[in-house]
Structure formats: C-alpha cells, structure tokens
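For reference, the structure discussed in these notes is given below.
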Amino acid sequence: MSRIGRMPVALPAGVEVKVDAGNLVTVNGPKGSLTQKLSDRMTLTQEDGVILVTRPNDEKLNRSLHGLTRTLLNNMVTGVTEGYKKELDVNGVGYRVAKDGKKLVMNIGYSHQVIVEEPDGITIDVPAQNKIVVNGINKQQVGQFAAEIREKRPPEPYKGKGIKYSDEVIRRKEGKTGVKKK
C-alpha cells in the first residue's frame with residue numbers, strides 16, 4: 001500500500017471540498033478556489049473533516065496514481081489555506097529588479113530591460129532591489145512562473161551572477177590558472 005496515498009488529507013476550518021462526477025475536485029478556502037480533474041480510477045471519500053483516497057486494486061498504474069492523487073489534493077488544500085511562495089535572489093553588479101504596476105522590470109546585464117507580466121493567480125513582490133517573491137495558491141503555477149523568471153538569466157558557475165532561488169546552492173568553478181606550456 002502506498003505510504004503517502006493512504007494518509008488522510010485533513011481539511012482545516014473554512015475549507016470546503018466538492019467532488020463532482022469524474023473526480024472533478026473543487027476546493028474553496030480563505031485564499032481562493034482551485035479546481036482540478038483528478039484520476040477517475042481513484043475513489044475519494046469525505047468523512048469527519050478528512051478525505052481518503054483509495055484505489056480499486058494493486059495494478060501498477062493504480063499504485064502509481066494513488067500517491068499522486070493524494071498529493072495533488074493535499075497541495076490544493078494547502079494552497080487555499082496558506083498559499084505557496086518562491087523566493088529568488090538577483091546577484092550581479094548593476095543587476096536589480098523593480099515592480100511597475102503588474103509588471104516586473106529587470107535590469108540583468110542585457111542592453112535592454114527584461115519585462116515580465118504578472119499572470120492571473122500569481123502576485124509578485126519586490127521587497128528589495130535584488131529579491132523577488134512569487135506568491136500564489138496553485139503550487140504548479142508558482143513553481144513554473146519562478147522557473148520562467150530564473151530562466152531569463154540563470155546563475156553562472158564562475159562568479160555566481162544571475163537569478164537563483166534563495167535556497168539554491170551554486171557550485172562554483174575555478175577560473176583559468178594561467179599555466180604556460182613549454
């Protein structure tokens with residue numbers, strides 16, 4: 001039995017879960033509402049403030065979908081209660097970011113400014129000129145948008161310049177040694 005799949009998903013106060021035909025799940029909470037189609041091979045049952053995910057048999061596909069379905073459901077519940085956040089750091093001489101309305105304006109070493117539009121369901125905060133915070137209720141959207149921002153100037157291994165996640169560790173490389181051949 002899947003260790004993750006058999007754990008119940010606890011529903012905090014103020015969270016409503018509605019399961020429609022075909023496992024179309026809608027989760028409403030204090031931060032908003034999320035809807036997602038989960039695998040209809042799994043059975044979702046709601047009782048005493050928890051949701052249980054069960055699988056029909058031990059077929060290989062059902063075993064793999066069991067933990068996935070439970071995790072997706074738990075991520076939806078966490079998103080509408082707490083939300084998700086990704087922090088990015090901008091390193092480099094003259095590199096800085098600013099927010100202009102719903103746009104993120106980045107000076108990251110190109111001859112032009114890189115401007116990124118804030119998508120629906122995502123908010124961008126710029127607490128300092130070298131820090132970006134991406135917030136939202138959908139874990140997949142937050143991670144994807146943070147990855148797209150990082151992609152504009154990924155960190156390089158020699159000086160560490162670029163945009164990196166706050167918890168990311170950049171493996172630094174040594175530069176040229178200058179040894180002459182005889």
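The values are calculated or read from the model by the stated rules, or taken from the named source; none is laboratory data. In this text, all values refer to a predicted model and were calculated from it rather than measured experimentally. Every residue, glycine as well, gets a Cβ built from its backbone with ideal geometry; the counts of neighbours run over all protein chains shown.
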In the range 67-80, what residues are touching a Lys or Arg at 6+ places or on another chain (Cβ under 7 Å) and β-branched (Val, Ile, Thr)?
VAL80
For the range 103-121, does any single residue satisfy the condition of being at pLDDT below 95, within 14 Å of the chain's Cα centre (by Cα) and under 30 Å from PRO8 (Cβ atoms)?
yes
Within the range 126-142, the residues that are surrounded by 14 or more Cβ atoms within 10 Å (Cβ to Cβ) and of a type outside the set (A, V, I, L, M) are ASN130, LYS131, ASN135, GLY136, ASN138, LYS139, GLN141
So which strands (runs of 3 or more DSSP E) stay within the range 14-73 end to end and still have 3 or more residues that are surrounded by 15 or more Cβ atoms within 10 Å (Cβ to Cβ)?
24-29, 50-54
Only residues in the range 1-20 that are more than 16 Å from ASN74 (Cβ to Cβ) and at pLDDT 90 or above count as the first member; pair them with residues that are of a type in the set (Ser, Thr, Tyr) and not in a loop (DSSP other than H, G, I, E, B), Cβ under 8 angstrom, at least 6 apart or cross-chain, and list the lot.
GLY14/THR81; LYS18/THR26; ASP20/THR26
Consider the range 80-116. How many of its residues are part of a strand (DSSP E or B) and free of Cβ contacts under 8 Å to residues at least 60 places away in the same chain?
15
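For (1) out of contact with any helix residue (DSSP H, G or I) (no Cβ under 7 Å at 6 or more places or on another chain); (2) in the same structural domain as LEU104 (by TED's automatic domain parsing); (3) surrounded by 12 or more Cβ atoms within 10 Å (Cβ to Cβ), each residue gets a yes or a no:
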site	(1), (2), (3)
PHE145	yes, yes, yes
ILE149	yes, yes, yes
ARG153	yes, yes, yes
LYS161	yes, yes, yes
ILE170	yes, no, yes
VAL179	yes, no, no
